[in-house]
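Report on one structure; see the data block that follows.
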Amino acid sequence: MSIPLNGRIAIVENELKEALPLMKAFSKNQIPYVFYKGDDATFLPDENSRFNDIRILFLDLNLIDKAKPSVKQVKSVLYGVLKKVISKDNYPYSIIYWSKQENDYSNSLEELFQKELKDRAPISIERFIKSSFFTLSGEKIINNLDLFREIQKVLAKDPVYGYLLNWENNIHISADKTLQEIFSSYHNFINWSHNANHLVNKLGVSYAGSNTYNTSKPDVKLKSSYSALNIVFNDTVENYTNNSELKDVKELPVPKSAKDLDTVYNINKKLLISDEKKPLSYSGTVIEISDKKLNSKFEKLLDNILQKKAKKADIIKTSKNIWLNVTPLCDTVQGKYIHHRMINGLLVEEEFCKSSAKIFYKNEAVFISPSFAYDGKNYSIVLDFKEFFTKDALGYSKNRKAIFRVRQQLLAEVQSRLARHVNRQGVLFLV
């Protein structure tokens, strides 16, 4: 089932009795939901207090306590409610009209999403008529539409949306399985809290090591315990995803025209880097170095790895001098590092990094990442492992700033390549 299991269904209705049939149906099927009474501001969240938290919104169009309000009145109330319930970051989601007057006011809602609420527009709007599912007393209409079957039909209209909801459900189920696997036996103990406290502490010790854990502050200890849970969770979700049965899966068609589609570089940006920049000492942070006194050092780095010397001036003109923090994540999280481990490198425009161009030497010391979009251009990270160094302290200054963080997989690849660079024993043999 792709219907969200994680509470990301919302009902906006001003008549509680007309929302109750939905509530009963979701409750009976153990599907969490959030209810907002549309004509009562005390039910509504503060504007932009939450983000990306709704996937399906059941919406009554007439949230005014009168039989036939004007289109202008309806539009005004919908604007105020939706601006609080849906944030600009809430995407993707679908709206399902839960209304008796959808023909009277549907245009008003569509106009809102074309103009005033364009930044909160849903990916689809579907129409459910209340009387097709339930009586006003909340009884299910016999031999008529089935609510969940109709919701599935809505999701099936855009298969990729249903697949993403299914992935979110996998995450939800895997988190539950993780807690069950670790804590299920504790129902046999008299004092659950004492035993759970013991286990959470032991998880933290297993991740951080006893010496570091015992001397850490409570918040650092808890993060170590969370990190241990994350390791179990990652294994659980991977196993669950690979072994769960997917029914009636369809091939996702890809348009032949690339117009208005994300480029490979934009997608790589999402896969390879993150906009998170704090703290500066966090593993994977890329720091731009603007100290002119160090320009000669980065120029020498370029000389050492550049195969086509004629491109040097163009690369210097368009590249950025960087440090990449390659300190192991466990050391960063646990505060165990004595020195920050860094590599000098360059952020080089994509045209110079194509393998076909053969501009840089290709050897064990040179690392060139896949190209990704950043700051309006396409770049690759170019590193020289011979430029590995350490720093006792790593603070902010006018000549250094974090510009992004490489994601864990890319960082792990750099660390693995760096390890191979410093540990190549060779093989002794006769010929």
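Protein chains only, probe 1.4 Å: how do 198, 339, 421 rank by accessible area, largest first?
198, 339, 421
Could you tell me the calculated FRET efficiency between residue 399 and residue 6, based on Cβ-Cβ distance and R0 = 56 angstrom, to the nearest 0.05? It would help to have the intermediate numbers written out before the result.
Details: r = 45 Å, r/R0 = 0.80.
Rounded to the nearest 0.05, the efficiency is 0.80.
Spin-label model, residue 146/residue 304: points 7 Å from Cα along the beta carbon direction are separated by 6.8 nm. Modelled spin-label separation between residue 275 and residue 248, with each label point placed 7 Å from Cα along the Cα-to-Cβ direction: 3.7 nm.
Using 26 Å as the Cα-Cα cut-off, could you pick out the over-long pairs in 354/386; 223/277; 362/391; 37/88?
With Cα atoms farther than 26 Å apart: 362/391.
For the stretch 275-423, the share of accessible area belonging to carbon and sulfur comes to 49 percent (1.4 Å probe, ligands and nucleic acids excluded).
Please work out the FRET efficiency for the pair residue 179 and residue 261, using the Cβ-Cβ distance as r and a Förster radius of 45 Å; give the result to the nearest 0.05. Mind showing how you got there, number by number?
Numbers: r = 40 Å, r/R0 = 0.88.
Taking R0 as 45 Å, the efficiency between residue 179 and residue 261 is 0.70.
Among the protein heavy atoms, those of residue 35 account for about 40 Å² of accessible surface (1.4 Å probe, every chain in place). Centre-to-centre separation between the Cα atoms of the stretch 307-357 and those of the stretch 371-431: 6 Å. Helix 408-422 and the longest principal axis of the Cα set of the chain meet at an angle near 20°. In the chain, helices alone account for a calculated mean residue ellipticity at 222 nm of -12500 deg cm²/dmol, with every DSSP H run of four or more residues adding -39,500 (n - 2.57). Full extension of the chain between residue 413 and residue 329 gives 28.9 nm of extra length, using 0.36 nm per residue less the Cα-Cα distance. Helix 192-208 axis versus longest C-alpha principal axis of the chain: approximately 30°, rounded to the nearest ten. In this label model, residue 350 and residue 24 are separated by 5.6 nm, measuring between points 7 Å along each Cα→Cβ vector.
For the pair residue 127 and residue 231, a Förster radius of 60 Å applied to the C-beta separation gives a FRET efficiency near 0.85, rounded to the nearest 0.05.
Pairwise alpha-carbon distances in the stretch 275-423 exceed 19 Å for 50% of all pairs.
Taking a ≥ b ≥ c as the square roots of the eigenvalues of the Cα gyration tensor, the stretch 170-243 is classed as oblate, since a/c reaches at least 1.5 and a/b does not exceed b/c.
The values are calculated or read from the model by the stated rules, or taken from the named source; none is laboratory data. These numbers come from a predicted model, not from an experiment. Neighbour counts are summed over all protein chains in view; Cβ atoms, including those assigned to glycine, are modelled from backbone coordinates with ideal geometry. For the accessible areas, the whole protein counts, side chains as well, though only heavy atoms, and no ligand, DNA or RNA atoms are used. Shrake-Rupley method; radii C 1.70, N 1.55, O 1.52, S 1.80 Å.
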